[in-house]
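> Sending over a structure as structure tokens; questions will come in a sec.
The values are calculated or read from the model by the stated rules, or taken from the named source; none is laboratory data. Just so we're clear, the structure is a prediction, and the values are computed from it rather than from any experiment. Neighbour counts are summed over all protein chains in view; Cβ atoms, including those assigned to glycine, are modelled from backbone coordinates with ideal geometry. Accessible surface is based on the protein model in full, side chains and every heavy atom, while ligands, DNA and RNA are left aside. Shrake-Rupley method; radii C 1.70, N 1.55, O 1.52, S 1.80 Å.
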Amino acid sequence: MNDEIKLYYDLTAETTADQWYKETILQPTIDEFMKLLPPYPAILDLGCGPGHESRRMAANGARVLGVDFSPECIRVARERTPECRFEVMDLRRLEERIGKFDGVWACASLIHINPCELPGVVQNIQSVLKIGGYAALIVQDGAGVKEEWSELTVGPYKLRRTVYCYTQEHLVFVAEPANLKFVCRGYLDESLEEQGWRNYIFRHIYEGE
């Protein structure tokens, strides 16, 4: 993830918050995911943006830590959702001090991870997920780069915000060595599926399970 991607999310943090704090299309997906978790779960919102889905998970009873590499997104998240904790952190370099979680919610964050870096990020997810915990990985389906979503203009800036696509098969291939077992495809609204989004649920298992 390069500086242009970070700049894009810094520049759009407020407008993204204005849109997504009102948009409830992911609420059923969150509800389904949280049914897999214990009551009052600890959830890591990995690539939380300005905190809109962190707020919804907290409203469902979760104790949420949101991390994002965009300082501006974290500023907006702290301002709009003070009931959750937020930290500036790169998901490629998660810090051990954040502890362990019952669930990891990675919605539209792995799309900015280069395939060569994906195994390390998946290993990071495993390292912060309790045994028996679940991860929701919401990605763009396919292979390669989604070019029409990668070249964007924000104000005077022409930015390349590279969007990588991943198939279920590739994610399973990368996740298995990290003891993350594919469970099922999670629910997404039909309109999101039509845009190419997929929700893949994984469970952290014991080695050899």
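> If a residue has to be more than 16 Å from the chain's Cα centre (by Cα) and assigned to a helix (DSSP H, G or I) to count, how many in the stretch 121-167 make the cut?
Of the residues in the stretch 121-167, 3 are more than 16 Å from the chain's Cα centre (by Cα) and assigned to a helix (DSSP H, G or I).
> Just to be sure, is residue 37 within 26 Å of residue 164 (Cβ to Cβ) and open to solvent by less than 40 Å² (accessible area, probe 1.4 Å)?
Criteria not met by residue 37.
> On to the next question. Could you name every one of the helices (runs of 4 or more DSSP H) located completely within the stretch 1-118 that has at least 3 residues being of a type in the set (Lys, Arg)?
Answer list for the stretch 1-118: 71-80.
Condition check ((1) surrounded by 22 or more Cβ atoms within 10 Å (Cβ to Cβ); (2) at pLDDT 95 or above; (3) closer than 23 Å to residue 139 by Cα) across all residues:
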{"position": "80", "(1), (2), (3)": "no, yes, no"}
{"position": "85", "(1), (2), (3)": "no, yes, no"}
{"position": "93", "(1), (2), (3)": "no, no, yes"}
{"position": "105", "(1), (2), (3)": "yes, yes, yes"}
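> So residue 110 clears everything in (1) in contact with a Lys or Arg (Cβ under 8 Å, 6 or more places away or on another chain); (2) touching a residue at least 40 places away in the same chain (Cβ under 8 Å); (3) buried (at least 19 other Cβ atoms within 10 Å of the Cβ) except one condition, right? Which one?
Of (1) in contact with a Lys or Arg (Cβ under 8 Å, 6 or more places away or on another chain); (2) touching a residue at least 40 places away in the same chain (Cβ under 8 Å); (3) buried (at least 19 other Cβ atoms within 10 Å of the Cβ), only one is false for residue 110: (1).
> Working only within the stretch 123-182, note down all residues that are farther than 18 Å from residue 195 by Cα and of a type in the set (Val, Ile, Thr).
Hits for the stretch 123-182 are 125, 128, 131, 153, 154, 172, 174.
> List pairs: first in the stretch 82-97 and over 19 Å from residue 113 (Cβ atoms), second basic (Lys, Arg), Cβ under 6 Å, 6+ apart or cross-chain?
Filtered contacts from the stretch 82-97: 86/78.
> Looking only at the stretch 63-72, filter to residues that are touching a residue at least 40 places away in the same chain (Cβ under 8 Å) and within 16 Å of the chain's Cα centre (by Cα); which one of those is surrounded by the fewest Cβ atoms within 10 Å (Cβ to Cβ)? Step through it out loud before you land on a result.
Initial filter on the stretch 63-72 (touching a residue at least 40 places away in the same chain (Cβ under 8 Å)): 68-72.
Now restrict to residues that are within 16 Å of the chain's Cα centre (by Cα): 68-70.
Values: 68: 28, 69: 20, 70: 24.
Once the filter is applied, the top-ranked residue is 69.
> As an exercise: evaluate residue 206 against (1) open to solvent by 70 Å² or more (accessible area, probe 1.4 Å); (2) hydroxyl-bearing (Ser, Thr, Tyr); (3) under 18 Å from the mean Cα position of the chain (by Cα) and give the number of the one condition it does not meet.
The one condition residue 206 does not meet is (3).
> For the stretch 165-185, which positions are open to solvent by 40 Å² or more (accessible area, probe 1.4 Å) and either over 26 Å from residue 147 (Cβ atoms) or touching a residue at least 60 places away in the same chain (Cβ under 8 Å) (or both)?
176, 177, 181, 182, 183, 184
> Now for a different question. Within the stretch 40-51, work out how many residues are at negative phi and either touching a residue at least 60 places away in the same chain (Cβ under 8 Å) or surrounded by fewer than 24 Cβ atoms within 10 Å (Cβ to Cβ) (or both).
Selection size over the stretch 40-51: 6.
> Shifting gears a bit: For residues that are in contact with a Cys (Cβ under 7 Å, 6 or more places away or on another chain) and not aliphatic (A, V, I, L, M), tally how many sit in the stretch 116-168.
Going through the stretch 116-168 one residue at a time, the tally reaches 5.
> Among the listed residues 75, 161, identify the single one that is open to solvent by 40 Å² or more (accessible area, probe 1.4 Å) and among the charged types (D, E, K, R).
75
> Quick one: is residue 148 at pLDDT below 95, farther than 19 Å from residue 90 by Cβ, surrounded by fewer than 18 Cβ atoms within 10 Å (Cβ to Cβ) and not β-branched (Val, Ile, Thr)?
It is true that residue 148 is at pLDDT below 95, farther than 19 Å from residue 90 by Cβ, surrounded by fewer than 18 Cβ atoms within 10 Å (Cβ to Cβ) and not β-branched (Val, Ile, Thr).
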